[in-house]
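This report concerns only the one structure given below.
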Amino acid sequence: MSDALCVLYAEDDTDIREVVSFVLEDDGFQVIECRDGREAVLQGGHCSPDLILLDMMMPELDGLMTLERLRQYPSLARTPVVFMTAKVDEGEIRRYRSSGAVEIIRKPFDALDLPATLRAILEKTRRKQ
Amino acid sequence: MSVINQTGAALPDDEEQRLLALQQCHILDTAPEESFDCFTRVAAAVFDVPVALVTLVDAERQWFKSRQGLDLLETDRSASFCSHVIRSHEIMEVPDTLEDPRFRDNAMVTGPPHIRFYAGAPLVLECGSRIGTLCVIDRQPRRLDAQQRDILRDMAGAVSRQMISRRASLHEQTLSTLSRIMASSARKPRAALREALTLACEYLDMPFGVLSHVHDSQYTIHLQVSPPGTLQDGDVFPSENTLCEEVWRCGSVAAIPRGGDRVLHHGGWHGGGKVRMESYLGVPIKVGQYHGMLCFFSPEPCPPPGFSDSALRLVELMGQWAEGAMERWLLNRRVKANQRQLTRLSQVARQTVNGVVITGEDGYISWVNEGFTRISGYAADELIGRKPGRMLQGELTDRETVERIRQAIARREPFEEELRNYHRNGCPYWVHISCNPLQDADGRFEGFMAIQTDVTERKRLEEMKNEFISVVSHELRTPLTSIRGGLDLLLHRTGSKLDERDRKWLEMAVRNAGQLSRLVEDLLNLGRIASGRLALDIVPVALCPLLREAMDDHEAYARGCGVSLQLTPCGDARVLADAMRLRQVVGNLLSNACKFSARGSSVTVWVDVAPQQARIHVRDSGPGIAEEDRGRVFQRFVQLDASDTRRQRGTGLGLAICLELVQNMGGSIDFESRPGEGCVFHFDLPLAGEEGE
């Protein structure tokens, strides 16, 4: 279990969260599930995930604000981050991209492909380091 | 150089110049004049001779301006005594012609008038040319004494001076007519021209004077003087009935002194047979686009010896003067027409609901209309003398647009932009600006004129629409994500355990969830492109690898359709495009091609590279597109095969998106097809230059 990849995952839509968590766990990921940004910030203090997966639009703390706070934990300062969004505003997507996100996944996405996508991203960032 | 003529009288050294001087006297073939006849009468009496003559030695003849005791008008130069006289300034005396070998056999000696004695003194003009003689002739031999010789010489001098003063008075008359024309007191150009025609007609002794305009084979009388009941201003004739062709060919003054083949050839009639043009003087008039003629004519032939140089010169000068007068008149007319147009235009500019603003060369406002003050809320005197940008732009004004405008202005180029400005009261409003540089008559840059249309309402609707698309899409995509995720999971995990029928239901749900996702995606794409918010990242893209990837993406789909994909090797062409969007275009074309192709056939992709662009082709072997459907192919929500239920249906937006994307990338898209023979869709993209990434 210790070599399982760990994902810190925040999503306010319960259905999507359940599907994504299930798919990832089914594929052998360890998922730290959060119902919104605030919960992610709380959880972030106790874990050191391999990847942070955040929805962009969440109540109170949106994806970007959540990331900003998570980055303050030394253990999360360099963790690769992936955003998911149903938004289409190109300006906003550019803003998220420039925050250092390695990938932005647009909804709706193919849930079954998600584990492979995330593994590929991790592989790529590892190689870069 | 002396040339010996038939009788041995050599031509004078200055013969050519002498003949010219004689011509300019305009005296050959003119009627007898008392001022010359009195000299010959006195000479005949003083010398007590039967014959006294004033002779003029022309090129081939001698002609008698005045004669006493002789009926001949002229004689051949070769038989002339006088041609010997004009070789020197001295008197030539032949006491007895029968004793003189030069004249012994002369026809005028051997036959009538039986000359035995001849004495002639040359007529010398002020230029030194000897143009003729005053001579006395007797039928018996005799000799002049010294006193008689002096008298003859003095009288010849007096005749010469008469010649000179006669010529001067001709010039004087011409000059005085011209000066009266030029000094015409009529202020209006038309009246001045008419007065000039009248004076010239009088001088030339020709009853018709016409200033005409020739255009499209029509000869229109612009202005004329003529005997009552003949011509009128505004009369029109076919130009072939007139002499304008000849005049223009001649380029300067054309003179026809008397009817002859040329005039008769033209019918000899001017104006539908009303007026006969027997003698004619005409000169072309050209003022800008105005082509016409000034001409004078008469139904009578010009009396001998034809038109004088002065007459020709007068017509020439008057032509020049008329050109000047016409030019001023046309200019005046144009100025008036311009003024009328300007008045109208300025009314339009003042009253239009659009804002109109004019800036000077320095960019400061020099004029605004009411529309502009209404849109902006500023009064004209608050705006004039200030820069429009400073006053009207504000926080939400797009900086990029402002920069584009600034550059266009700096380059003095026209531009069209939409910009958010601020009303005097602080409320933002949107204007569409169409701005053009102004030039003065000499083409010098004078400033700009901008026409502003208030498009606030349209922009508000656009923003609402965009927001609507954005919200709706978000609200649609979120549940779609979990629907698809849930269905996929179900199918993946339990699909094999379900019976055939349940599995079909599930697959149907999965397929339609996918279809719904694509529709939402296509709608969003179109909405983004249409609102100009699709940010394209245009960079040099290696075409072949991109096509390869797009085909790999569609490999599975093609297999599902029973179609194979083939890429013809396409070299290393690089195009300017947004890689992601280009892949989308190719993908759309590929999925269309697969969808419509017959099972077992193949879809072929190839590239043609031209000097400036690359053309990407996608060929299918489907049913093809009928020519009458051509106009609908790239429209939204059009599916030409709406009846085809065999395969997964598209959204009807694919080609509309391709069109928008290709155009946004600076290319064009089209297709060739014949029903039953499949189609080839192709699009062009500009090639990337050598200076790569």
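The values are calculated or read from the model by the stated rules, or taken from the named source; none is laboratory data. Model, not experiment: these values are computed from the prediction. Note that we place each Cβ from the backbone using ideal geometry, even for glycine, and neighbour counts take in every protein chain shown. Remember, those area values only see protein heavy atoms, side chains included, never the ligands or the DNA or RNA. Shrake-Rupley method; radii C 1.70, N 1.55, O 1.52, S 1.80 Å.
Can you say whether B:GLU60 is over 21 Å from B:ALA156 (Cβ atoms) and free of Cβ contacts under 8 Å to residues at least 24 places away in the same chain, as far as the supplied structure shows? When the stated conditions are applied, B:GLU60 passes them. Examine the range B:191-212 for a residue that is in a loop (DSSP other than H, G, I, E, B), open to solvent by less than 80 Å² (accessible area, probe 1.4 Å) and of a type in the set (Ser, Thr, Tyr), and state whether such a residue exists. Checking the range B:191-212: not a single residue is in a loop (DSSP other than H, G, I, E, B), open to solvent by less than 80 Å² (accessible area, probe 1.4 Å) and of a type in the set (Ser, Thr, Tyr). Filtering the range A:30-53 to residues that are hydrophobic (A, V, I, L, M, F, W, C) and under 13 Å from the mean Cα position of the chain (by Cα) leaves A:VAL31, A:ILE32, A:CYS34, A:ALA40, A:VAL41, A:LEU51, A:ILE52, A:LEU53.
Counting the residues of the range A:39-68 that are in contact with a strand residue (DSSP E or B) (Cβ under 9 Å, 6 or more places away or on another chain) and either among the charged types (D, E, K, R) or part of a strand (DSSP E or B) (or both) gives 8.
Just need a number here: residues in the range A:69-88 that are in contact with a Lys or Arg (Cβ under 8 Å, 6 or more places away or on another chain) and part of a loop (DSSP other than H, G, I, E, B).
3
Applying the set (1) open to solvent by 70 Å² or more (accessible area, probe 1.4 Å); (2) in contact (Cβ under 8 Å) with a residue 40 or more places away in the chain; (3) of a type in the set (Lys, Arg) to B:ARG77 leaves exactly one unmet item: (1).
Pairs linking a residue in the range B:156-174 that is part of a helix (DSSP H, G or I) to a residue that is among the acidic types (Asp, Glu), with Cβ atoms under 8 Å and 6 or more positions apart or on different chains, are B:ILE164/B:GLU126; B:ARG166/B:GLU33.
Given the condition over 14 Å from B:GLN452 (Cα atoms), open to solvent by 70 Å² or more (accessible area, probe 1.4 Å) and of a type in the set (Gly, Ala, Ser), answer yes or no: does some residue in the range B:379-402 qualify? No, the range B:379-402 contains no residue that is over 14 Å from B:GLN452 (Cα atoms), open to solvent by 70 Å² or more (accessible area, probe 1.4 Å) and of a type in the set (Gly, Ala, Ser). With respect to B:VAL225, determine if the residue is open to solvent by less than 30 Å² (accessible area, probe 1.4 Å), out of contact with any Asp or Glu (no Cβ under 8 Å at 6 or more places or on another chain) and over 19 Å from B:GLU300 (Cβ atoms). So B:VAL225 does not fit the description; no. Can you name every residue in the range A:40-63 that is away from chain B (no Cβ under 14 Å) and buried (at least 17 other Cβ atoms within 10 Å of the Cβ)? A:ALA40, A:VAL41, A:GLN43, A:GLY44, A:PRO49, A:ASP50, A:LEU51, A:ILE52, A:LEU54, A:LEU61, listed by residue number.
If you filter the range A:94-119 down to residues that are within 17 Å of A:GLN30 (Cα to Cα) and open to solvent by less than 60 Å² (accessible area, probe 1.4 Å), you find that the one that is nearest to the other protein chains (Cβ to nearest Cβ) is A:ALA111. Of all the listed residues (B:SER591, B:SER621, B:SER564), the sole one being over 50 Å from the mean Cα position of the chain (by Cα), under 30 Å from B:ARG528 (Cβ atoms) and among the small types (Gly, Ala, Ser) is B:SER591. Applying the set (1) free of Cβ contacts under 8 Å to residues at least 40 places away in the same chain; (2) crowded, with 20+ Cβ neighbours inside 10 Å; (3) within 14 Å of another protein chain (Cβ to nearest Cβ) to A:GLY37 leaves exactly one unmet item: (3). Select from the range B:470-490 the residues that are open to solvent by 30 Å² or more (accessible area, probe 1.4 Å) and charged (D, E, K, R) and write down the one among them that is farthest from the other protein chains (Cβ to nearest Cβ). This residue is B:GLU475.
Yes/no per residue for (1) farther than 20 Å from B:VAL136 by Cα; (2) open to solvent by 20 Å² or more (accessible area, probe 1.4 Å); (3) part of a strand (DSSP E or B):
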| site | (1), (2), (3) |
| --- | --- |
| B:ASP13 | yes, yes, no |
| B:VAL54 | no, no, yes |
| B:ARG67 | no, yes, yes |
| B:LEU70 | no, yes, no |
| B:LEU98 | no, yes, no |
| B:ARG104 | no, yes, no |
| B:PRO113 | no, yes, no |
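Scanning the range B:26-52 for residues that are touching a Lys or Arg at 6+ places or on another chain (Cβ under 7 Å) and assigned to a helix (DSSP H, G or I) returns B:PHE36, B:THR40. Of everything in the range B:491-515 that is under 19 Å from B:GLY654 (Cβ atoms) and free of Cβ contacts under 8 Å to residues at least 40 places away in the same chain, the residue that is most open to solvent (accessible area, probe 1.4 Å) is B:ASN512.
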